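A short reminder: the numbers here are calculations on the coordinates, not readings from a lab. A quick note: this is a predicted structure, and the numbers were derived from the prediction, not measured. Because the Cβ atoms are built from the backbone with ideal geometry, glycine has one as well, and the counts that use them run over all protein chains shown.
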Amino acid sequence: MKTEIRNTNRGKMLFLTDGKTEIGCALDFGIRVSHLSVLGMDNICYEQPEDCSDGLITEDGWKLYGGHRIWNTPEDSTCNCPDNDPVEYELLEDGVILKQKEEPWRHIVKELKIRFLTDGRIEVTNLIRNMADEVIDSAAWGVNTLSGGDVEVDYIPAEVVAGAPGRFVSLWGKTNIADERLQWSREHLSAKYKPISDYFKLGMYTKAGIASYTNKGQRFDLMFGTENFGNYPDNGCNFELFMHRYFIEMESLGEVKHLSKGECATHTEYWRISKN
């Protein structure tokens, strides 16, 4: 593994590569993985304009930034705690650990551990630790904010039983199940990015545990857990898809955990990026 710190238009960033994949981690804010690509190819992460002209900023100062971030339940205004301060990092032989200071709104600490595996995958562990005196029920998950592209998800249910529901889809806001960006088949969902403003967010449980994204001549495979159907947030979703006028988000969700002070919830994704 090779590492390099660079000054970019997004501030100071730590770049890591195993000779095949390049990852760039923001150091002046975050936690964010702001760059992901095949080595030598274009970044597939969405890069928020410096003037935040996409409107994705709160009055308290939270910014989207783009790329991978750690999210957690319950989803409310405290999820958008500003994370504009520098992060700490610890280099490993095969990766890095990024650490964020305690969030004052929800009193949790976030850590992201990234490791290059020998089979070409990247192991990405999202961790939240409860620092409050109160017990909380929360799940860690990863949100990947990507430039416009195409997404494919194998929609394989937990179990198919005649006469009983076995497939569950959650819809947010005014999401249209017949949105022009979607194409459904018996066990497959495809989404094609279009720069339109219609609100769209959909969640599901998929036993396959994989979603794929293609853009800029690259394919990004996102792999995630499928254990304990029914113990995931948002009515049992382990995958969620959000489409915006400027980007697509692929989200994989961890299980809800009962956390006393000092206890943590983790959720691991596996990434693979290759030429398409």
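Observations on the model:
- Other residues lying with their Cβ under 10 Å from the Cβ of Leu112 contribute a combined charge of +4, Lys and Arg counting +1, Asp and Glu -1.
- Sum of side-chain charges, Lys192 neighbourhood, beta-carbon under 11 Å (Lys, Arg +1; Asp, Glu -1): -2
- The label point for Met1 and the one for Asp198, both projected 7 Å from the Cα toward the Cβ, are 4.3 nm apart.
- Measuring between their Cα centroids, the stretch 19-59 and the stretch 242-265 lie 18 Å from each other.
- The GluC sites (Glu not before Pro) of the stretch 1-63 meeting both criteria, a DSSP state outside H, G, I, E and B (loop) and at most 10 other C-beta atoms within 10 angstrom of the site's C-beta, are Glu50, Glu59.
- The trypsin sites (Lys or Arg not before Pro) of the stretch 1-71 meeting both criteria, a DSSP state outside H, G, I, E and B (loop) and at most 14 other C-beta atoms within 10 angstrom of the site's C-beta, are Lys20.
- Over the residues of the chain, the helix contribution to mean residue ellipticity at 222 nm works out to 0 deg cm²/dmol, using -39500 (n - 2.57) for each DSSP H run of at least 4.
- Between Arg245 and Asp221, the modelled label-to-label distance comes to 3.6 nm, taking each label 7 Å out from Cα in the direction of the beta carbon.
- Formal net charge of residues neighbouring Leu259 (Cβ-Cβ distance under 9 Å; K, R +1; D, E -1): +1
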